[in-house]
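**Student:** Structure provided below as C-alpha cells; questions to follow.
The values are calculated or read from the model by the stated rules, or taken from the named source; none is laboratory data. Nothing here was measured: the structure is a model prediction, and the numbers come from that model. Positions of Cβ are generated from backbone atoms using ideal geometry, with glycine treated the same way; all protein chains shown enter the neighbour counts.
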Amino acid sequence: LDIVREVEEYRMRERKINIAIVGAGRAGVMLAEELLNNPNASYRPVCFIDSDRDKVGRYIHGIQVLSEEQGTLDLLGDLSIKEIV
C-alpha cells in the first residue's frame with residue numbers, strides 16, 4: 001500500500017504547473033507557503049520576481065528571488081515556467 005501511495009504522490013507532483021510569483025513580500029511568500037504545503041495544489045512555485053535589490057538573489061523557502069530585469073524573462077523559459085502569478 002505504501003508503494004501505491006508513493007506512486008500517486010509522484011504523479012501528483014509531476015502534473016503540477018510551474019509558476020513564477022510576482023513579489024517576494026508577505027503576500028507572495030504566503031502564497032508560496034500554501035502551494036508548497038498543499039499536496040493537492042495544481043501549481044509549483046519555482047521562483048519569485050521582485051524589484052527589491054535586498055531580496056534578489058536570496059532564497060525564500062528554497063525558492064530563488066529573481067529581478068524584474070529583461071534577462072529574467074529569458075530565464076523563465078529555462079525554468080519551464082508556464083504561468084506568472
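**Student:** Considering region 3-56 alone, what residues qualify as being touching a His at 6+ places or on another chain (Cβ under 9 Å) and not β-branched (V, I, T)?
**Tutor:** Our first condition is that a residue be touching a His at 6+ places or on another chain (Cβ under 9 Å); within region 3-56, this holds for 29, 32-33, 36, 45.
Matches in region 3-56: A32, E33, L36, P45.
Here is a yes/no grid of residues against (1) within 19 Å of M30 (Cβ to Cβ); (2) β-branched (V, I, T); (3) under 14 Å from the mean Cα position of the chain (by Cα); (4) surrounded by 16 or more Cβ atoms within 10 Å (Cβ to Cβ):
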{"position": "V46", "(1), (2), (3), (4)": "yes, yes, yes, yes"}
{"position": "D50", "(1), (2), (3), (4)": "yes, no, yes, yes"}
{"position": "R53", "(1), (2), (3), (4)": "no, no, no, no"}
{"position": "G57", "(1), (2), (3), (4)": "no, no, no, no"}
{"position": "G62", "(1), (2), (3), (4)": "yes, no, yes, no"}
{"position": "E69", "(1), (2), (3), (4)": "no, no, no, no"}
{"position": "L73", "(1), (2), (3), (4)": "no, no, no, no"}
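**Student:** Would you point out which residue out of E34, E68 is modelled with pLDDT under 95 and among the acidic types (D, E)? Don't jump to the end; show me each part of the working.
**Tutor:** On the way: E34 fails: modelled with pLDDT under 95.
E68 is the lone residue from the list that is modelled with pLDDT under 95 and among the acidic types (D, E).
**Student:** For G28, work out the one condition from (1) surrounded by fewer than 18 Cβ atoms within 10 Å (Cβ to Cβ); (2) touching a Phe, Trp or Tyr at 6+ places or on another chain (Cβ under 9 Å); (3) not aliphatic (A, V, I, L, M) it doesn't fulfil.
**Tutor:** Evaluating G28 over (1) surrounded by fewer than 18 Cβ atoms within 10 Å (Cβ to Cβ); (2) touching a Phe, Trp or Tyr at 6+ places or on another chain (Cβ under 9 Å); (3) not aliphatic (A, V, I, L, M) leaves (1) as the failure.
**Student:** For region 10-29, state whether one or more residues are small (G, A, S) and touching a Pro at 6+ places or on another chain (Cβ under 7 Å).
**Tutor:** Step one: of region 10-29, the residues small (G, A, S) are 20, 23-25, 27-28.
Narrowing further to those that are touching a Pro at 6+ places or on another chain (Cβ under 7 Å): none.
Within region 10-29, not a single residue is small (G, A, S) and touching a Pro at 6+ places or on another chain (Cβ under 7 Å).
**Student:** Taking region 25-48, which residues are closer than 13 Å to G62 by Cβ and touching a residue at least 24 places away in the same chain (Cβ under 8 Å)?
**Tutor:** Just the residues of region 25-48 that are closer than 13 Å to G62 by Cβ, to begin with: 29, 32-33, 35-37, 44-48.
Within region 25-48, V29, A32, E33, L36, R44, P45, V46, C47, F48 meet the criteria.
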